[in-house]
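Working notes for the structure below.
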Amino acid sequence: MIGDAYVILKKDLILDLRRMENFVAMLFFGVIILLVFSFALPQDEEMHKNLAPGVFWVTFLLSGILGLSKSFQMEKEMGSMEALLLAPISRGSIFLGKMLGNWIFVLVMQCLLIPLFSLLFFAPAMDHFGEMLALSALTALGFSSLGTLLSGLTTDVRFKEILLPILLFPLLIPLLLAAVRILAGILVGEGFQGELDWLKLLIGFDLIFLIIAYLTFDFVMEL
Amino acid sequence: MRYSSILGWLSLLGLALTAYLVFAWAPIEQAMGFVQKIMYIHVPSVLVCYAAFFISFLASIGYLWKREEKFDVTAYAAAEVGVIFCGLTLVTGAIWGRPTWNTYWTWDARLTTTLILFLIFVGYLLLRRFVEYSDQQARFAAVIAIIGFLDIPLIHQAVTWWRTLHQTSTLFSKKAGVIDDPLKWMLYLSIFVFYLLFAYLLAKRVELENRERALKRLLANAD
Amino acid sequence: MRPLLVAAGVKKDFGYKQILKEVSFGLSKGDATLLLGKNGAGKSTLLKIMSGLMRPTGGAVHFEGKPVIEDPDGLRRALGVIGHHPQVYGDLSAKENLIFAARLRHVADLEEQVEKALVQVGLERFKNAQVKNFSSGMFKRLAIAKLMVTAPRVLLLDEPYTGLDYKSVEFFNEYLTQFKQGGGAILLVSHQLDCCFELAGKIAILEQGVIDQEHQRSDFEYQELVEHYQRSTQ
């Protein structure tokens, strides 16, 4: 099962590499959102300090969701989804492969987005690059678990561009709140120590929805 | 159906009786005054709403397990009735909040949880609209109902830590005398009557959905 | 001999409409069945149900005597499908696509198998080219190469002849004949009777959601079948 998931993951990553434009588009979308925030919010260093965690995660959500839908879009283009479903592999390994693909994709984006965030919105962020990336890894795990499930679910649905965020964002609120709080702790220099309860909640969310998404993916993949 | 019309008459009588007692018999609460009477709608509504989503959750699991249409119909009907009572909770909460907290909306933990729940299940109903009637629609909807329901404890925990101002759930706290006796009995009665009403609405909605599907099936296959 | 893949009383509703009322038939080893029926009769749906992609509303599909729902992987391991789409990744090369399909089926010495198949279908010159610019004939050849690599025992083919030139049809039929002679079972949906008439041993006609009877192909002269078919689709 892990082997099958790995084969799918590798294939997805190769496709992502050959379609760099997807990644570039997503990154630039993130930059544009940051820019909009910089323009729309007051130019005040003190104020930015308070707003930074929220701005960072909203940027993450909005550009991350673009990455989610592309994963199943690639499968649809030439009917390869059908071939994948006809292969003698568990639906769970399809889920794991796709989920990890999305996770890595989003995480690579975060690697570039953190410096840009530091440049465009909140300069001190760069000092906490490592911690922010670790936090991103945890946040992106819950995000891509639920995200992969729901983007698989909405692939064939009309008006999916709007339906996916409508379904996904409310479900992600605990994750978002936890990520915002922990990031606030990190930015004032407390690291993860300041918000241990939130960290537990975040990890709990990751685990619960990783398992549930894995289990329910079967029902989403039937035709 | 005999069964549902008995429920209907019972809940009508019950509602009339409750309305009469609320204004004629139940004393005015000392701290909050007359406006407190909205509690007899607000609290029962929120309890019904949670019960409805719980039924929808159970029926969804039942559907994915057994693949029988009756589970799908129940899940759908319960979610729809649940959304109505959820909306009622939010509206009465706002009306109640204006004189007590001096604002229509506060980001209080339980109110916020209810709002997010409302959004999730409105998403559920939208999904049902966007996907054509099929076993796919039933499966997708069931997945959303299951994840949505399981998300409730996480949402609640997150929102509680995030901000709280609501009076703690006075109704079920063990300490005697927090709510005056007549008020308590009044509330119990109204909760009971609201459950009756819920049972009636659910039974009616299931009946209606069954008929609608039977009719559409008949029309589609008549040629 | 017990048929390999059996549809037993398969029913399927599509939305409110009943598409398949009661379909029962079997695919035997070494035989090819041609499934005929007018547009919208539910042929593609039946194929999807037979492949286990779609659950029937009622009835069941059995593979080697076992219900497919209980052991879908058993059928999937033995199954080769050609559908309306090429079922490949445009950004991967022909060779990569084949290797990916073979990996998911745990094919032994896959590099070798893939190279061999690419030579056999005449795509070795294009093996490292990304397939997004392939012609439909090349896609069909790639699909056949995939079948060669994954070595199925049952083939479900949905309109496999569309977009093929005369030479490719000949090549494809050659492969199918060999497959049949090797003990494989084929279910074929096609409107191009001239292409597959020789190949089919049995003919099943799906009408009003039912397959009322299976005909032996030898019961028909080609011209007779064409006329019969024309009548039934009017």
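Of note:
- Accessible-area ranking of A:M126, C:M138, A:M109, largest first, probe 1.4 Å: A:M126, C:M138, A:M109
- The stretch C:221-227 - phi-based ³J(HN,Hα) in whole Hz, Karplus 6.51/-1.76/1.60, Gly and Pro as x: 7, 4, 4, 5, 5, 4, 5
- The share of accessible area on the stretch A:2-222 that comes from carbon and sulfur is 71 percent, using a 1.4 angstrom probe.
- Scanning residues 5 or more positions from C:F14 or on other chains, those with amide H under 5 Å from its amide H are C:I19, with H placed 1.01 Å from N in the peptide plane.
- Here the stretch A:2-222 is assigned +1 on the Cβ of each Lys and Arg and -1 on the Cβ of each Asp and Glu. Its dipole about the Cα centre then comes out at about 420 debye.
- Protein accessible area in the stretch C:5-232, 1.4 Å probe - carbon and sulfur %: 48 percent
- Under the shape rule built on the C-alpha gyration tensor, where the axes satisfy a ≥ b ≥ c, the stretch B:37-166 is prolate, since a/c reaches at least 1.5 and a/b is greater than b/c.
- Among C:E227, C:E159, C:E221, the order of accessible area from largest down is C:E221, C:E227, C:E159, computed with a 1.4 Å probe on protein heavy atoms.
- Taking θ as phi - 60° and the Karplus parameters 6.51, -1.76 and 1.60, the scalar couplings of the stretch A:21-27 work out to 4, 4, 5, 4, 4, 5, 5 Hz in sequence order, x denoting glycine and proline.
- 222 nm mean residue ellipticity, helices alone, for chain B (DSSP H n ≥ 4; -39,500 (n - 2.57); rounded to 500): -28500 deg cm²/dmol
- Accessible-area order (highest first, 1.4 angstrom probe) of the listed residues A:I94, A:I14: A:I14, A:I94
- The residues of the stretch A:3-51 occluded by other protein chains by 40 Å² or more of accessible area, set against the chain on its own, are A:D4, A:V7, A:K11, A:L15, A:R18; surface from heavy atoms, 1.4 Å probe.
- Dipole of the protein assembly as shown computed with +1 at Lys/Arg Cβ and -1 at Asp/Glu Cβ about the Cα centre; of A:T148, B:Y40, A:L13, farthest Cα towards the positive end is B:Y40.
- Which of A:L27, A:S80, A:L207, positive extreme of dipole for chain A (C-beta unit charges): A:S80
- Cα gyration tensor shape of the protein assembly as shown, rounded if a/c is under 1.5, else prolate or oblate by comparing a/b with b/c: oblate
- Among the protein heavy atoms, those of C:H191 account for about 70 Å² of accessible surface (1.4 Å probe, every chain in place).
- Interface size, chains A and C: roughly 2600 Å² of accessible area buried, both sides included, 1.4 Å probe, rounded to the nearest 100.
- Heavy-atom accessible surface of B:W162, to the nearest 10 Å², is about 70 Å², with a 1.4 Å probe and all protein chains retained.
- Relative to one another, the C-alpha centroids of the stretch A:5-74 and the stretch B:75-119 are positioned 32 Å apart.
- Counting charges near B:L126 (Lys, Arg +1; Asp, Glu -1) among other residues having Cβ under 15 Å from its Cβ returns a value of +1.
- Chain-alone versus full-assembly comparison, the stretch A:194-223, residues with accessible loss of at least 20 Å² (1.4 Å probe): A:D197, A:W198, A:L201, A:I208, A:F209, A:I212, A:T216, A:F219, A:V220, A:E222, A:L223
- Note on the stretch B:125-141 and the stretch A:111-136: Cα centroid distance 41 Å, given to the nearest whole angstrom.
- Per-residue [θ]222 nm for chain C (sum of -39500 (n - 2.57) over DSSP H runs n ≥ 4, rounded to 500): -10500 deg cm²/dmol
- Neighbouring Cβ atoms from other chains, within 10 Å of the Cβ of residues in B:29-36, number 0 on average.
- Rounded percent of accessible protein surface that carbon and sulfur make up, the stretch B:105-168, 1.4 Å probe: 64 percent
- For the stretch C:140-212 and the stretch A:181-207, distance of Cα centres in Å: 59 Å
- Average beta carbon contacts from partner chains per residue of A:170-183, 10 Å cutoff: 5
- Cβ-defined net charge surrounding C:S28, 13 Å radius [Lys, Arg +1; Asp, Glu -1]: +2
- Per residue, the accessible area of chain C comes to 45 Å² when a 1.4 Å probe rolls over the protein heavy atoms.
- 5 angstrom amide H check on C:F25, placed H, neighbours 5+ away: C:A7, C:G9
- Total formal charge among the other residues, if their Cβ is under 15 angstrom from that of B:L201, Lys/Arg +1 and Asp/Glu -1: -1
- A simple rule links phi to the HN-Hα coupling: the Karplus curve 6.51 cos²θ - 1.76 cosθ + 1.60 with θ = phi - 60°, which for the stretch C:173-182 gives 5, 4, 4, 5, 4, 4, 4, 5, 5, x Hz, with x for Gly and Pro.
- Chains B and A together bury roughly 2700 Å² of accessible surface, counting both sides and using a 1.4 Å probe on protein heavy atoms.
- Per residue, the solvent-accessible area of the stretch A:2-222 (1.4 Å probe, heavy atoms of protein chains only, all protein chains present) comes to 37 Å².
The values are calculated or read from the model by the stated rules, or taken from the named source; none is laboratory data. Treat the numbers as computed from the prediction; the structure is a model and nothing was measured. Don't worry about glycine lacking a Cβ; one is built from the backbone with ideal geometry, like all the others, and counts go over all protein chains shown. Please note that ligands, DNA and RNA were not included when accessible areas were found on the heavy atoms of the full protein model with its side chains. Shrake-Rupley method; radii C 1.70, N 1.55, O 1.52, S 1.80 Å.
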